[in-house]
Structure formats: C-alpha cells, structure tokens
Amino acid sequence: MPAQETQQTERKVFRADCSSRLLLEQIADKWSVLILAALCPQPLRFNEVRRRLDGITQKALTQALRRLERSGIVARRVIPSSQVAVEYSITPLGRTLEEPFRALYHWTVKHSEQVLQAQQAFDERVLETTD
C-alpha cells in the first residue's frame, strides 16, 4: 500500500463514524481488556469472571461480554445442567489480541513508577497554582 494511501486510511480512525474507531473503543475499554485477560488461560463461567474482576458490577460485566460476543471476540456457551450455566471463552479472533494486550500489560508494569512520578509532579504543580 503506498504511503499516501496508508496515511489517509490511518487518519480515518479519528473520524467519529470510522468502524475501526468504534472497534477500538470496544476492545480498549477497561473491562474488555481485563475480561480478555481473565479468559485467555481458560474458559470461565460468568460468576468466575466476575469474581476475578474486583469492582465490576454484574451489569457492566454483562454489557462488556455482550459487546465482545457481538464482535466475535468472545464465545458464549450454555452448559446444560440442572442449573443453567454459561461459559465464556476466547475465540480465534480474540486470541489475536493476546499479544498486543500482553505488550500493553508489560508496558504498564515497566513504566508504572514513571507514570506515578509524573502524576505526583503534575498534582504538585496544579496544587501550587491553585494556592
């Protein structure tokens, strides 16, 4: 793909109606990233996912799982038993996110101290200007 065409394609992501932007908003959402991290090692039932994600509400988990399922990133399977159980797993398409998410996780671990220092410095500057 020629450089000019690549630049035009990349600029489209900044438009509100760009399908890539909409997908990015879905998968880069805080809960989506954590849900995928929880499901990568193995399929989990709904309540197992909820227990692993401290602070998520049932409603937020349900909404995020539906978005991910709709996008083909997560699969939902009803388990026939005496009680209705639902299990979620990563699809092959969802597995393609594993490497970039792992890289993002490693970045956060490597740079968390620098980010905390920057936040503290910013807060101190803001506090100084408001006094």
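FYI, it's all coordinate maths here, none of it is from the lab. Since we're looking at a predicted model, the values are computed, not measured. So basically every Cβ, Gly included, is an ideal-geometry build from the backbone, and we count neighbours across all protein chains shown.
Which is farthest toward the positive dipole end of the stretch 3-96 among 93, 47, 36, measuring Cα position about the Cα centre, with Cβ charges +1 (Lys, Arg) and -1 (Asp, Glu)?
Farthest towards the positive pole: 47.
Could you calculate the FRET efficiency of residue 95 with residue 121 from 1/(1 + (r/R0)^6), where r is the beta carbon distance between them and R0 is 35 Å, rounded to 0.05?
Given R0 = 35 Å and the Cβ-Cβ separation, E is 0.35.
What ³J(HN,Hα) values, in whole Hz, does the Karplus curve 6.51 cos²θ - 1.76 cosθ + 1.60 give for the stretch 120-125 when θ = phi - 60°, with x put for Gly and Pro?
Each residue of the stretch 120-125 in turn: 5, 4, 4, 4, 5, 5 Hz.
Residue by residue, what Karplus-based ³J(HN,Hα) values in Hz, rounded to whole numbers, does the stretch 74-79 have, using 6.51, -1.76 and 1.60 with θ = phi - 60° and x for Gly and Pro?
10, 10, 10, 10, 7, 9
For the chain, what is the mean residue ellipticity at 222 nm derived from helices alone (per DSSP H run of n ≥ 4: -39500 (n - 2.57); sum divided by total residues; nearest 500 deg cm²/dmol)?
Taking each H run of at least 4 residues, the total per residue is -20500 deg cm²/dmol.
In nanometres, what is the gap between the two model label sites at residue 48 and residue 86, each 7 Å from Cα along Cα-to-Cβ?
Distance between label points: 1.6 nm.
Residue by residue through the stretch 92-101, which ³J(HN,Hα) values in whole Hz follow from phi under the Karplus form 6.51 cos²θ - 1.76 cosθ + 1.60 (θ = phi - 60°), with glycine and proline marked x?
x, 5, x, 4, 5, 8, 4, 5, x, 5
Counting other Cβ atoms within 10 Å, keep those with at most 10, restrict to DSSP loop, and tell me which chymotrypsin sites (Phe, Trp or Tyr not before Pro) in the stretch 3-99 are left.
Those satisfying the criteria are 14.
Can you match Cα Rg over 2.2 N^0.38 Å to one of these, (1) 1.37; (2) 1.60; (3) 1.22, based on a calculation from the structure here?
(1)
So for the chain, averaging the separation of alpha carbon pairs under 8 Å that are six or more residues apart and normalising by length, what relative contact order in percent results?
Taking the mean separation of contacting Cα pairs over the length of the chain, I get 19 percent.
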